[in-house]
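Please read the structure below before turning to the comments.
The values are calculated or read from the model by the stated rules, or taken from the named source; none is laboratory data. A quick note: this is a predicted structure, and the numbers were derived from the prediction, not measured. Every residue, glycine as well, gets a Cβ built from its backbone with ideal geometry; the counts of neighbours run over all protein chains shown. Protein only, heavy atoms only, side chains kept; ligands, DNA and RNA dropped before computing areas. Shrake-Rupley method; radii C 1.70, N 1.55, O 1.52, S 1.80 Å.
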Amino acid sequence: MSKVQLWKQRFFYGATDMAGNLIWQIVGLYLLFYYTTVMGISPAFVGTLFFVVRIIDAFDGVVYGFLIDHTHSKYGKARPYFLWFGIPLGILTMLLFFNPSFGGNKAFQLAWISIVYTLFSLVYSGANTPITAILPSLTKDPDERTNLASARMVMTNIGTAVIGAISLPMVAKLGGKNAEKGWMIWGIFIGLAIIVLFLSSFANLREQDNIAEDTADAPEIKGHLSVKESLKGAVKNKPWVALSISFILLQTFWVIRMQTAVYYLTYVYRRADLVGAFNGLVIVAVIGNISVPFLSKFMKHRNVMILSLITFGIGEAIMHFNSIPLLFAGNIIALVAMGAAFSISFVMIADTVEYSRSELRIDEPGILSSVPMVGAKLGMGFGGLVSGWLLSWGGFQATAKVQGAKAVTAISTSFVWLPIVLALLIVGILYLFYKLDEDEITSAKAVKDKEVTNSKANENA
């Protein structure tokens, strides 16, 4: 593949996650804030809604992963899902911020919000599960997989930085004094962008049929398994189990942090004017993204993740001091660290897929690659529940410009201390239970490939 083709593939692979994260960033940063302050809905109701929907659809990523493993089309296994789900996701993005008053009937309004949010969440999985599932099929080269994962996160963070920085100003400009109108128009713009990005990626990405080739060379590899067999195979993959738990915790503390950032700036620092600049700093996560291929040459993928999470905890702690410079410095440190953490996590998932094939002789990339979506859904559910309930426990009042001491404590706990505790918990899990050595897997695969090549040569002779 030429350099032009490589960079084209990296760009459009990154565009898939940029598309999904345009709305994910808004949901994570602003949906709780939008529902509670613009729509006037109880934070306890919103937190419970987020949690209930996560229970409903928590494992739909596994279902989509199973469907991907059993999809056979001229477009490949994972790629067609960008076409099938990209357009509905864009439309539901628009509907998230289109909330009729129903003549003042609050029950109807809450029902509408609940239905649209549930459908959005189900469709989101269908569009995003294939992003991770397609990675092993885009290239056999482990170094290029790392490059693709980094390109994915670079594109994601560019998009989310723009969204984080300009959403509130755009809402104010589009709606004037009518925040509800501003959010509705902004939702339409974001929905259209999502549709364009997914359709462009579908048109430009191509899957390599590595699985069919490898299975033909090594017929002992089991593919096209039943749901029961797939799950049994996944449970036997101990590194995948440890990574799955870690990813759920990772997404949980990240969602909590995202959802309470606007509250932290507005009510703890009392600098609502800094929200756009603060959230826009997510662009620095690109530094973490592009550092991953370099760090991976000197340390194991697990250790890159551990280093990233410890660095994140340091950045979070710095923000607790009552200082604007330290607030921004800590945020930069935390975001760079999370850029590296998310990038390496997707590489580690691909490692567990390869481990399953080379060591367990089981081919189930869709099921194993559903980890990010399951983690994201459970993380959003637990994160939303904790954020909403903590705000309610603290006595948060949406109409109050100054919150009480208990509410400030609840916000600080959500934004600073819970993420630190959960990040350190992940460090412990990975250190104790994630024993996969990607270098050994690559070496073993190279030996097996050489044996297959020699065997074919002898047969032809």
Check your understanding: Looking at segment 196-247, which of its residues are open to solvent by 40 Å² or more (accessible area, probe 1.4 Å), at pLDDT below 85 and among the small types (Gly, Ala, Ser)?
Key -> ALA212, ALA216, SER226
Exercise for review: Name the single residue, out of those in segment 114-158 being over 21 Å from PHE51 (Cβ atoms) and touching an Asp or Glu at 6+ places or on another chain (Cβ under 6 Å), that is surrounded by the fewest Cβ atoms within 10 Å (Cβ to Cβ).
Suggested key: SER137
Study note, to complete from the structure: Apart from one, (1) within 29 Å of GLY388 (Cα to Cα); (2) at pLDDT 85 or above all hold for TYR75; the odd one out is (1)
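Please count how many residues of segment 65-91 are in a loop (DSSP other than H, G, I, E, B) and of a type in the set (A, V, I, L, M). Before the answer, list the steps.
Within segment 65-91, the first condition is being in a loop (DSSP other than H, G, I, E, B), and the residues that meet it are 70-79.
Subset that is of a type in the set (A, V, I, L, M): 78.
Of the residues in segment 65-91, 1 are in a loop (DSSP other than H, G, I, E, B) and of a type in the set (A, V, I, L, M).
Check whether at least one residue in segment 185-195 is open to solvent by 50 Å² or more (accessible area, probe 1.4 Å) and within 30 Å of VAL336 (Cβ to Cβ), and report yes or no. Please lay out each step first, then the result.
Here is the first cut: in segment 185-195, the residues open to solvent by 50 Å² or more (accessible area, probe 1.4 Å) are 188-189, 192.
In the following step, the residues that additionally are within 30 Å of VAL336 (Cβ to Cβ) were identified as 189.
So far as segment 185-195 goes, yes, one or more of its residues are open to solvent by 50 Å² or more (accessible area, probe 1.4 Å) and within 30 Å of VAL336 (Cβ to Cβ).
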Check your understanding: Given the structure, is THR260 open to solvent by 20 Å² or more (accessible area, probe 1.4 Å) and within 22 Å of ILE26 (Cβ to Cβ)?
Key -> no
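Is it the case, given these coordinates, that LEU250 is at pLDDT 85 or above and buried (at least 24 other Cβ atoms within 10 Å of the Cβ)? Quick ask: steps written out before the conclusion?
Values: at pLDDT 85 or above: yes; buried (at least 24 other Cβ atoms within 10 Å of the Cβ): yes.
The answer is yes for LEU250.
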Study note, to complete from the structure: Taking segment 283-323 and keeping only residues that are open to solvent by 60 Å² or more (accessible area, probe 1.4 Å) and within 21 Å of ILE411 (Cα to Cα), one is left with ILE314, HIS320, PHE321, ASN322
Check your understanding: Based on what the data block shows, is VAL171 open to solvent by less than 40 Å² (accessible area, probe 1.4 Å), under 16 Å from PHE85 (Cα atoms) and part of a helix (DSSP H, G or I)?
Key -> no
